[in-house]
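First comes the structure, then the notes that go with it.
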Amino acid sequence: MAGTSWTNDGEILLEQPTTNRTKFIVGGVLLLAAIVYLVVNAMSGNTQLYKTVNEFYAEKDRLVGRDLRVAGWVIGDSIQYTQIDDQNSILEFDIVDDLQNPGQRLHIVAYNEPKPDLLQHQAQALVEGRADENGVFVANEGGLMLKCPTRYEELEAPTASN
Amino acid sequence: MIADIGYLSLLIAFGLAVYSAVSAWYGHRKNDLRWVESARNATILTFPLVILACGTLVISLVRSDFSLEYVWRVSSRDMPTYLKITALWGGQAGSLLFWNFLLAAFTAAAMARKWDQQRQLMPYALVVASITQIFFLGISAFIENPFIRLESVPVNGNGLNPLLRHPGMIIHPPMLYLGFTGFTIPYAFAMAALISGKLDDAWIRTTRRWTLVAWLFLSLGLILGGRWAYDVLGWGGYWAWDPVENASLMPWLSGTAFLHSVMIQEKRNMFKMWNMFLVVLTYCLVILGTFIVRSGVISSVHSFAQSAIGPFFFGFIGIMLVFSTYWIIRRKDDLRSKNHLLSFLSREAAFLYNNFLILAILAIVFLFTYYPIFSELFTGEKGFVGPTVYEQALAPLFAVLVLLMGVAPLTMWYRTSLKRLEMGVRWPAAATAVFVLVLFAFGIRSWGALVGFGIVGFSAILTLLEFWKGTHARMRKGEPLWTAFSNLLARNRRRYGGYWIHLGVIVMGFGIIGVEIFQQDTQMRLQAGASLQMGNYEMVFQGARRYEGPDDLLITEAAVDVYENGRFIKTITPRIEFYTRTGQTMTIPKARSTITEDFYVLMVNWEPTSANAATFRVFLNPLINWVWAGSIIFIIGTLIAAWPNPIDEKATQIIRRPVSAHATD
């Protein structure tokens with residue numbers, strides 16, 4: 001193929017791979033180090049622990065005041081939105097680990113957050129925030145995420161047969 | 001009754017896929033082409049069978065046949081027909097069947113079209129594509145069967161979630177799935193090249209357009225998903241680094257890396273092993289992505305084992321990974337390149353940096369997405385990584401990538417002198433400095449924004465210059481401006497389509513920086529007649545009314561007058577829609593939308609009893625429309641790059657014919 005034009009730089013070719021290889025390795029290691037630094041730097045102090053309601057209560061003392069992300073199912077009749085004044089509102093609801101067999105409820109409070117459209121009975125809630133000593137979980141700003149039950153199909157079907 | 005026909009055809013399709021894999025392998029082994037031909041026919045036949053299966057499900061959906069569990073789950077009598085049809089991909093079982101439809105379509109098309117050109121690759125490509133089909137048809141037929149019946153027939157169905165009744169959400173899943181399934185074809189041909197040992201770039205030429213088309217659909221899927229989030233979810237954003245979003249972003253990233261590195265293989269015959277690796281990686285990420293998107297396992301606290309299809313997906317990915325790695329290792333000597341990188345300042349080196357950056361981004365997204373699993377594995381406690389961490393870690397890498405995007409076209413193959421590069425960037429750099437100073441003079445003090453806009457601006461100038469240089473060269477040959485420009489695009493579709501895509505990314509870059517750094521939001525209750533100020537905008541709440549909409553809809557609509565710099569612009573009507581039967585609410589934002597910003601208003605609460613007061617959440621999203629404009633430019637660029645070139649097509653066929661004739665005798 002283009003072989004002839006290559007051998008014209010034969011000498012360079014013979015020499016180059018070795019120098020290139022060291023350069024290549026050194027450069028690669030430096031770049032990798034930079035990326036590891038970026039990741040570690042971004043993550044340090046910014047990750048949350050991910051807990052279910054029961055896991056939270058099991059280790060409540062240790063977890064109070066820490067950055068958490070809790071997940072659970074919303075109890076429909078616990079949802080309450082209160083407009084205190086023009087600037088302030090409170091959104092409250094309870095979540096549990098299992099709707100069929102609700103154990104302990106975790107009370108979620110969110111200040112000045114709109115009530116998400118998906119916040120309804122049987123929706124799955126993911127909440128970022130911190131818990132206080134009384135077991136009230138205060139959501140961060142923008143820390144409410146909801147998954148709709150129909151999309152992930154957690155609804156109980158009427159008796160299915162094959 | 002009709003559903004039984006659907007299920008039966010699904011079963012037959014599954015049987016045919018098994019038959020095809022076995023007989024293609026056997027025929028090739030025994031050197032008996034009749035078996036291979038028969039396998040090919042079987043594979044092509046799966047397509048009409050899967051159409052039939054999808055068709056019967058659609059008919060059942062349209063007729064509201066609630067004896068089928070799936071129909072009950074995702075539809076209801078009062079849904080309009082178009083929604084009943086699109087409910088085919090509204091739930092898990094239906095989506096997987098739809099996935100199968102697209103996969104069968106792609107596979108049949110590839111086998112029908114490329115047969116005569118690539119005889120040697122075909123038997124193996126058939127085997128690999130059929131194995132993928134066996135897996136997905138098997139899941140549909142035996143595990144997530146959409147044709148399961150209910151014992152008692154309910155009167156009405158659940159209905160599709162109103163949030164999913166948005167045009168963006170109706171087209172978004174098919175686009176994503178088209179992208180996902182499309183990548184099966186390059187993978188099948190890559191594996192065929194590995195197994196057959198025909199490692200020249202025939203497989204790359206054969207699959208180039210497939211890859212680009214799959215990538216196009218994946219891009220469209222990502223963009224439409226973002227637009228849907230912005231229009232419907234009402235948090236004023238378009239991307240949240242949600243595991244489901246990341247699951248589609250990751251194969252897109254590895255696909256992007258592949259589209260770039262393939263060019264080095266074509267020009268310099270290097271990076272063969274790397275390209276194989278990227279194809280395998282993309283394929284595995286596609287399968288993983290399908291699973292994540294469908295099951296939602298990462299975002300929920302349920303472990304993988306609890307998901308019914310989880311073990312199958314992981315088993316399949318594992319098998320394909322081992323299978324692919326085995327063949328890459330076995331062919332490693334043939335994949336080794338005789339050519340070396342001659343300089344760190346060259347086009348091929350630029351592609352190498354591009355791949356390094358994209359893979360680094362991919363690795364970070366992967367680590368963060370699966371951090372709950374990794375952290376549980378290593379510390380025994382599930383951790384989670386939020387969007388800010390993604391942004392902090394990835395912003396510098398994206399910045400360097402955009403910079404590279406601008407500079408790389410200035411490099412030459414083999415080697416480029418530093419001086420040449422300097423000449424190329426001197427004036428653009430000066431212009432960028434002026435641009436940044438102007439931004440500073442206009443009061444922008446955030447250094448992140450100054451650096452970001454600077455980099456994006458610099459790459460914008462360099463990319464536009466590429467177009468200008470090419471057009472100018474043609475104009476000197478006597479072509480008028482417009483002819484020169486369109487000829488430039490038509491004659492070098494891949495190259496200038498690529499630059500066009502870069503331009504789209506750059507425009508999106510301006511938008512992303514604008515929204516990320518300068519977004520403002522507030523929430524406030526307003527009495528009728530009261531007003532709220534944000535930026536240059538003022539909104540006056542005129543009052544709200546409640547009325548009944550179509551079906552079971554109850555609509556609360558606010559009238560909000562928007563003023564810009566004190567001048568009345570228009571009245572917008574943000575709404576709350578309430579679906580009385582399901583109890584589902586939908587908050588519909590309305591915006592005053594301009595090229596510089598969106599003034600985006602949501603009514604989040606209305607109190608008809610206590611006077612006429614409503615609570616509003618208001619966002620000022622600077623440059624948000626640049627994100628959408630950039631997306632459109634991006635898609636146009638991909639179309640330019642992927643558009644078939646009749647001249648090329650003929651030429652390759654003429655060259656290819658004698659080769660394939662020779663190969664088959």
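Every condition in (1) more than 9 Å from chain A (Cβ to nearest Cβ); (2) out of contact with any Lys or Arg (no Cβ under 9 Å at 6 or more places or on another chain); (3) modelled with pLDDT under 90 is met by B:GLN584 except one, and the failing one is (1). With a requirement of 3 or more residues that are outside the structural domain of B:LYS267 (by TED's automatic domain parsing), crowded, with 18+ Cβ neighbours inside 10 Å and out of contact with any Phe, Trp or Tyr (no Cβ under 7 Å at 6 or more places or on another chain), the helices (runs of 4 or more DSSP H) lying completely within the stretch B:305-371 that satisfy it span B:347-369. When the residues of the stretch B:372-382 are narrowed to those that are closer than 19 Å to B:TRP241 by Cβ and surrounded by fewer than 18 Cβ atoms within 10 Å (Cβ to Cβ), which ends up modelled with the highest pLDDT? So the residue we want is B:PHE374. Within the stretch B:87-115, restricting attention to residues that are within 14 Å of chain A (Cβ to nearest Cβ) and either open to solvent by 10 Å² or more (accessible area, probe 1.4 Å) or assigned to a helix (DSSP H, G or I) (or both), the residue that is farthest from B:ASP552 (Cα to Cα) is B:LEU96.
Table: residues versus (1) at pLDDT 90 or above; (2) more than 14 Å from chain B (Cβ to nearest Cβ); (3) farther than 14 Å from A:LYS147 by Cβ.
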position	(1), (2), (3)
A:ASP86	no, no, yes
A:LEU91	yes, no, yes
A:ASP97	no, no, yes
A:TYR111	yes, no, yes
A:PRO116	no, no, no
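Annotation: of all residues in the stretch B:383-394 being without any contact (Cβ under 8 Å) to a residue 40 or more places away in the chain and either over 22 Å from B:GLU516 (Cβ atoms) or surrounded by fewer than 18 Cβ atoms within 10 Å (Cβ to Cβ) (or both), the one that is farthest from the other protein chains (Cβ to nearest Cβ) is B:THR388. Listed conditions (1) open to solvent by 50 Å² or more (accessible area, probe 1.4 Å); (2) farther than 26 Å from B:ASN355 by Cβ are all met by B:VAL400, apart from (2). Of the residues making up the stretch A:125-144, those that are at pLDDT below 90 and facing chain B (nearest Cβ under 8 Å) number 2. Looking at the stretch B:599-619, which of its residues are more than 7 Å from chain A (Cβ to nearest Cβ), farther than 15 Å from B:ASP561 by Cα and either surrounded by 22 or more Cβ atoms within 10 Å (Cβ to Cβ) or touching a Cys at 6+ places or on another chain (Cβ under 7 Å) (or both)? The one that is more than 7 Å from chain A (Cβ to nearest Cβ), farther than 15 Å from B:ASP561 by Cα and either surrounded by 22 or more Cβ atoms within 10 Å (Cβ to Cβ) or touching a Cys at 6+ places or on another chain (Cβ under 7 Å) (or both): B:PHE619.
Can you find even one residue in the stretch A:60-69 that is closer than 30 Å to B:PRO396 by Cβ, more than 10 Å from chain B (Cβ to nearest Cβ) and surrounded by fewer than 18 Cβ atoms within 10 Å (Cβ to Cβ)?
In the first step, residues of the stretch A:60-69 are kept if they are closer than 30 Å to B:PRO396 by Cβ; the result is A:66-69.
Among the residues that remain, those that are also more than 10 Å from chain B (Cβ to nearest Cβ) are: A:66.
Then keep just the ones that are surrounded by fewer than 18 Cβ atoms within 10 Å (Cβ to Cβ); that gives A:66.
Yes - at least one qualifying residue is present in the stretch A:60-69.
Looking at the stretch B:576-612, which of its residues are polar (S, T, N, Q), without any contact (Cβ under 8 Å) to a residue 40 or more places away in the chain, out of contact with any Asp or Glu (no Cβ under 9 Å at 6 or more places or on another chain) and not in a strand (DSSP E or B)? Answer for the stretch B:576-612, where residues must be polar (S, T, N, Q), without any contact (Cβ under 8 Å) to a residue 40 or more places away in the chain, out of contact with any Asp or Glu (no Cβ under 9 Å at 6 or more places or on another chain) and not in a strand (DSSP E or B): B:THR596, B:THR609, B:SER610.
The values are calculated or read from the model by the stated rules, or taken from the named source; none is laboratory data. All figures in this text were calculated on a predicted structure; none of them were measured in a lab. All Cβ positions, glycine included, derive from the backbone under ideal geometry; neighbour counts span all protein chains shown. The area values use the complete protein model at the heavy-atom level, side chains included, leaving out ligands, DNA and RNA. Shrake-Rupley method; radii C 1.70, N 1.55, O 1.52, S 1.80 Å.
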